[in-house]
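The values are calculated or read from the model by the stated rules, or taken from the named source; none is laboratory data. None of the values given here were measured: they were computed from a predicted structure. Because the Cβ atoms are built from the backbone with ideal geometry, glycine has one as well, and the counts that use them run over all protein chains shown.
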């Protein structure tokens, strides 16, 4: 393997490690759950991206074959990361954030955690929401 | 007839490609199996996708993907910088309410995902009628500017893509 490729792959792996470390450090450093969510959804994405590019380069340069697994990992990551973050955020809001702390929607219907969608059958609000109200 | 057989051509192609990627080698057998999956899965899942939107402007979609990829790289560097060098006391976190002009659930899902992956913002939830999205901003001096940026940079393009 030529030295230049080797250097590039090493650089990408180290860079990926650094971003992963910073993202994890953010989990310790930031103060509340919503702020901490920003670390793993972003800093780690690029970290994993760097490692995946390094892996693809390695397979092309050393094994002489193109590997598609990395592209799939990227695809699945982009599909799952926002959904995970969204679920965590919603859970956090239900348990810890009151209706009044959020900005108003500016329309007839409030946020979906506190209100049923229009046209839905009447239902009892969940215990947590009732406690907030 | 063709529409009955292949209700969702794009999904068929994606499924076949994902299958080829999973087995990681392109042989005739794998190609056939991929094509088979691409035919069968959309046929059986079509009832779960009533009134799905058509992807009308593939070029705009490609441009959107490139913009988002670039923003993700910038976002990572920015967030890393903020995490490492900003004192916790200096953070100005905000909740932002973004009124949506998009209607289809698919377009709103893409927008919510984009907001989460790009600089300093995480999408948290929708309003009960699905016409507003709640976004958490890690650090901003001007929440209104942030709202306008998301609307201009992403929502405008998505409106064209899913028009």
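Just one of A:46, A:75 is crowded, with 17+ Cβ neighbours inside 10 Å and under 24 Å from the mean Cα position of the chain (by Cα); which is it?
The match here is A:46.
Considering each of B:67, B:13, B:82, B:115 in turn, give the residue that is out of contact with any helix residue (DSSP H, G or I) (no Cβ under 8 Å at 6 or more places or on another chain) and part of a helix (DSSP H, G or I).
B:82
Every residue, every condition in (1) within 13 Å of chain A (Cβ to nearest Cβ); (2) at pLDDT below 80, yes or no:
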site	(1), (2)
B:7	no, yes
B:39	no, no
B:46	no, yes
B:70	yes, no
B:95	yes, no
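Pick from the stretch A:14-35 the residues that are surrounded by fewer than 18 Cβ atoms within 10 Å (Cβ to Cβ) and over 13 Å from residue B:84 (Cα atoms): which of them is nearest to the other protein chains (Cβ to nearest Cβ)?
Within the stretch A:14-35, the match that is nearest to the other protein chains (Cβ to nearest Cβ) is A:31.
Which condition number in (1) in contact with a helix residue (DSSP H, G or I) (Cβ under 7 Å, 6 or more places away or on another chain); (2) outside any helix (DSSP H, G or I) is the one that residue B:25 fails?
Every listed condition holds for residue B:25 apart from (1).
Restricting the search to the stretch B:97-132, which residues are out of contact with any strand residue (DSSP E or B) (no Cβ under 9 Å at 6 or more places or on another chain) and more than 10 Å from chain A (Cβ to nearest Cβ)?
If the condition is that a residue be out of contact with any strand residue (DSSP E or B) (no Cβ under 9 Å at 6 or more places or on another chain) and more than 10 Å from chain A (Cβ to nearest Cβ), then B:101, B:102, B:103, B:104, B:105, B:106, B:107 are the ones that fit.
Can you name the residue in the stretch A:89-124 that is at pLDDT 85 or above and facing chain B (nearest Cβ under 9 Å) and, of all such residues, is surrounded by the most Cβ atoms within 10 Å (Cβ to Cβ)?
That would be A:93.
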